[in-house]
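For reference, the structure is listed below as structure tokens.
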Amino acid sequence: MKRIVNVVALGVIITVGLATYAVSGTEKETDWSLQVESNKKVWENRIVQVAKDSMDQPYTHINVTLNGSTPSNKGSYFKQLLDFQANFGEDSRSFKRALKQLDYAQRIWTTDGEMAIGQKDRDTLVLLKSKDGKEVDVTEFKQAREILESGWKGFYVYDGKVHLLYDQNYETTNHHVATFDESTKTFVTQKIDRSKTLIGGVVGAEWSWYPSAYQGQVATDNRYIPIRATALETLQEDTGEEYTSEMDLPGLFVYDAKENKVVTVNQSEELKGTLFKDQEYRAIRSDGTELIIDLNSLEQTTRQVIQGAVGSITYIDQLVYHVLPKKEGAMLEVYDEGEMVSRASIKAEGDSGQTSNQPVHYYVY
Amino acid sequence: MNVLKLISWELDRVKKSYLILVGILLLLQFGWLGAFLWRQNATYEEMRLEGMTGYTVSFINYIGSTIFTLSVGVAIVAMIFFSVWIWYRDFQGRGMFMMRLLTIPTGRMELFVAKFVTVMMLILGLFAIQWMALFLQYQLFSAWLNAKMIPLQGSFERAIQFDYLAMMYPESGFNFLVHQVLIAFVVLALFTFVLVERGLWQRTLWSPFLAICVVSGLIALPTFLIIYFDRYLFMDEQIGLFGLALIGMVFGLTLLSRRFLSKKMSV
């Protein structure tokens with residue numbers, strides 16, 4: 001025994017240290033629960049993320065589902081691995097794998113399946129198309145340097161062809177459109193009429209290969225393509241130095257794919273949430289009405305959706321998720337085509353007094 | 001039992017320097033904590049006299065400070081140095097203690113295991129002391145600020161998620177194990193370097209250089225493989241590849257160490 005006293009001593013120190021770690025390192029996370037009053041189905045694959053604006057809490061968001069709450073980006077590496085595998089089955093990997101190999105790529109989801117364009121090497125532009133995510137059609141456009149050395153705004157399909165809006169040579173005000181012909185593997189470019197606004201991006205075109213819950217499945221024959229519009233504004237710093245910055249413009253803007261120009265549908269109105277799906281562009285206004293724009297005729301219709309106060313809105317696959325923060329937790333409603341289909345609430349269990357003082361943000365995924 | 005005795009003996013030899021290291025680290029941290037709080041106090045008083053409000057202090061300010069980071073750095077460097085020194089010290093002197101060690105009947109690999117466990121225990125010991133010290137430091141920190149009525153911002157839980165400290169405070173037992181395995185891998189690589197170098201030192205002047213080439217080559221090859229395949233693979237596949245590469249490297253390093261220790265090394 002005397003001969004191993006050192007081992008025992010150090011062992012004791014380590015054990016005590018581990019105990020301190022176990023006590024001090026554990027976080028007392030508040031448990032949240034999602035209570036659904038009607039129609040559980042619309043909440044089945046949803047996550048309500050609770051984010052607190054507080055220095056006193058560990059830097060975590062809490063993901064609340066029907067099964068309870070878990071802190072996000074937490075837990076063991078092993079569990080993260082299993083979660084990833086559960087979300088990405090073998091079936092959906094071919095297209096994403098092809099997409100990951102492109103240096104600079106955008107992706108849209110259409111009624112004809114997923115599509116992406118991206119850069120390969122220095123002068124080749126690649127177009128990927130996949131109907132089911134398994135089989136991928138690859139078309140390469142050589143000598144596309146002109147487009148590759150430009151700032152991309154986004155792409156869309158019109159008249160059976162893929163079109164890309166971009167800033168020629170990264171010049172902010174020099175917007176062009178490129179039209180790709182897959183059969184001849186060639187493309188033509190053309191300057192567009194930006195109608196004094198700048199295109200910030202095409203709605204629905206995502207930069208990441210990672211799927212987004214907010215991406216709608218869009219039709220491929222829309223004449224008007226929803227865009228985010230921006231304007232250059234000159235700002236002054238405290239030192240008196242002036243600089244220009246691109247600022248998002250409020251309102252709804254579309255790009256006319258036939259006439260190649262930007263069209264303002266509705267300017268300087270605050271919108272709570274928008275959706276581009278099929279042939280429609282939808283938005284919830286701050287008074288709770290839903291505006292629906294037909295993307296072939298620009299015909300507008302409105303209908304009353306939310307009665308009373310309007311909180312934050314998230315469109316997920318044409319369902320409108322409405323979150324209205326309350327003193328304790330939040331009230332949640334789901335609307336489908338203007339009709340309320342589900343009502344639920346989310347709230348912290350236990351020490352609600354502590355959490356109610358802090359600003360809490362809710363996001364639906 | 002033999003291994004246990006060997007470990008105890010190794011620990012006994014290093015006890016004094018280890019205690020000195022721990023002493024220096026604690027002195028550095030607690031001394032700096034005192035100075036830090038003193039300075040905060042002075043700044044707060046100054047601000048208060050000038051009528052400015054909204055001054056808050058966070059534990060992250062202390063953890064992120066140069067001197068605290070330096071103390072952690074000192075510990076890391078000391079452990080890296082020790083992983084190498086634990087072998088080289090036996091080659092010191094005219095009699096060369098290694099001669100006796102290599103001839104003990106328990107076998108040379110037991111010597112290897114004993115030294116390895118010793119290093120890992122000492123590293124874990126430093127972790128343990130830091131866990132306790134940091135917890136104590138936070139108690140002192142919050143008590144002092146409360147006494148001086150300086151607004152304290154942020155909790156201990158939030159502070160320990162700071163940057164590299166998250167390595168010390170993993171979120172699950174599994175993650176803790178993964179971190180320890182990565183540390184063990186570094187120690188193994190250092191051991192292999194020493195054994196290759198000592199296996200060749202009597203034959204060529206270039207033995208340190210050769211040893212570095214062998215060990216870094218063994219690590220670089222799978223690393224390049226991982227980097228090359230990175231863009232073709234998804235997260236789970238990447239982790240799988242990384243795991244395989246790690247197992248391969250551990251296997252390779254252990255075999256290499258074993259070969260040099262049992263066959264090539266002479267004194």
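The values are calculated or read from the model by the stated rules, or taken from the named source; none is laboratory data. None of the values given here were measured: they were computed from a predicted structure. Please note: Cβ atoms are built from the backbone with ideal geometry, for glycine as well, and neighbour counts cover all protein chains shown.
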I'd like to check something: does the range B:207-217 contain any residue that is part of a loop (DSSP other than H, G, I, E, B), in contact (Cβ under 8 Å) with a residue 24 or more places away in the chain and either surrounded by 17 or more Cβ atoms within 10 Å (Cβ to Cβ) or outside the structural domain of B:F68 (by TED's automatic domain parsing) (or both)? no
Return the total of residues in the range B:56-86 being touching a Phe, Trp or Tyr at 6+ places or on another chain (Cβ under 7 Å) and not hydroxyl-bearing (S, T, Y). 6
Would you mind stating whether B:V14 is within 26 Å of B:E197 (Cα to Cα), of a type outside the set (S, T, N, Q) and within 14 Å of another protein chain (Cβ to nearest Cβ)? yes
Among (1) free of Cβ contacts under 8 Å to residues at least 24 places away in the same chain; (2) more than 14 Å from chain A (Cβ to nearest Cβ), which single condition is B:A189 missing? (1)
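Pick out the one residue from B:F81, B:F59, B:F68 that is without any contact (Cβ under 8 Å) to a residue 12 or more places away in the chain and among the aromatic types (F, W, Y).
So the residue among B:F81, B:F59, B:F68 that is without any contact (Cβ under 8 Å) to a residue 12 or more places away in the chain and among the aromatic types (F, W, Y) is B:F81.
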Selection within the range B:162-185 - more than 20 Å from B:G125 (Cβ to Cβ), in contact (Cβ under 8 Å) with a residue 12 or more places away in the chain and either surrounded by 15 or more Cβ atoms within 10 Å (Cβ to Cβ) or not assigned by TED's automatic domain parsing to the domain that holds B:N61 (or both): B:F162
Kindly indicate whether B:T53 is away from every other protein chain (no Cβ under 14 Å), modelled with pLDDT under 95, touching a Phe, Trp or Tyr at 6+ places or on another chain (Cβ under 9 Å) and exposed (fewer than 14 other Cβ atoms within 10 Å of the Cβ). no
How many residues of the range B:158-181 are outside any loop (DSSP other than H, G, I, E, B), under 17 Å from B:T56 (Cβ atoms) and not basic (K, R)? The answer is 1
Give just the number: which of (1) loosely packed, with under 14 Cβ neighbours inside 10 Å; (2) without any contact (Cβ under 8 Å) to a residue 24 or more places away in the chain; (3) aromatic (F, W, Y) does A:Y104 not satisfy? (2)
Name the single residue, out of those in the range A:165-188 being touching a helix residue (DSSP H, G or I) at 6+ places or on another chain (Cβ under 7 Å) and not small (G, A, S), that is surrounded by the fewest Cβ atoms within 10 Å (Cβ to Cβ). A:N174
Output the residue which, of all residues in the range A:67-93 that are more than 22 Å from the chain's Cα centre (by Cα) and either among the aliphatic types (A, V, I, L, M) or in a helix (DSSP H, G or I) (or both), is nearest to B:H179 (Cα to Cα). A:Y77
With part of a helix (DSSP H, G or I), under 15 Å from B:K148 (Cα atoms) and in contact with a helix residue (DSSP H, G or I) (Cβ under 7 Å, 6 or more places away or on another chain) as the only criterion, which of B:L37, B:L21 stands out? B:L37
The correct count of residues that are among the acidic types (D, E) and within 13 Å of another protein chain (Cβ to nearest Cβ) in the range A:92-118 is 1
For residues that are surrounded by 13 or more Cβ atoms within 10 Å (Cβ to Cβ), over 19 Å from the mean Cα position of the chain (by Cα) and of a type outside the set (G, A, S), scanning just the range B:186-205, find the one that is modelled with the lowest pLDDT. B:W201
If I ask for residues that are under 21 Å from B:I24 (Cβ atoms) and of a type in the set (V, I, T), which ones from the range B:102-152 would you list? B:T118, B:V119, B:I123, B:I129
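Every residue, every condition in (1) surrounded by 15 or more Cβ atoms within 10 Å (Cβ to Cβ); (2) at pLDDT 85 or above; (3) assigned by TED's automatic domain parsing to the domain that holds A:Y363, yes or no:
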site	(1), (2), (3)
A:A22	no, no, no
A:Q35	no, yes, yes
A:W43	yes, yes, yes
A:V48	yes, yes, yes
A:K52	yes, no, yes
A:S69	yes, no, yes
Starting from the range A:324-336, keep only residues that are among the hydroxyl-bearing types (S, T, Y), then list their pairs with residues that are in a strand (DSSP E or B) whose Cβ atoms are within a distance under 6 Å, requiring at least 6 positions of separation or different chains. A:Y335/A:V320
Answer residue from the range B:116-149, given it is farther than 30 Å from B:T192 by Cβ and out of contact with any Leu (no Cβ under 9 Å at 6 or more places or on another chain) and is farthest from the other protein chains (Cβ to nearest Cβ) among those: B:A147
Within 28 Å of A:H61 (Cα to Cα) and outside the structural domain of B:F97 (by TED's automatic domain parsing) - does that describe any residue in the range B:239-252? yes
Quick one: is A:N260 assigned by TED's automatic domain parsing to the domain that holds A:Q215 and either over 23 Å from the mean Cα position of the chain (by Cα) or at negative phi (or both)? yes
Applying the selection to the range B:139-161, what residues are at pLDDT 85 or above, within 28 Å of the chain's Cα centre (by Cα) and surrounded by 15 or more Cβ atoms within 10 Å (Cβ to Cβ)? B:F141
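Based on what the data block shows, is A:L252 surrounded by 17 or more Cβ atoms within 10 Å (Cβ to Cβ) and closer than 29 Å to A:G113 by Cβ?
Numbers: surrounded by 17 or more Cβ atoms within 10 Å (Cβ to Cβ): yes; closer than 29 Å to A:G113 by Cβ: yes.
In short, yes.
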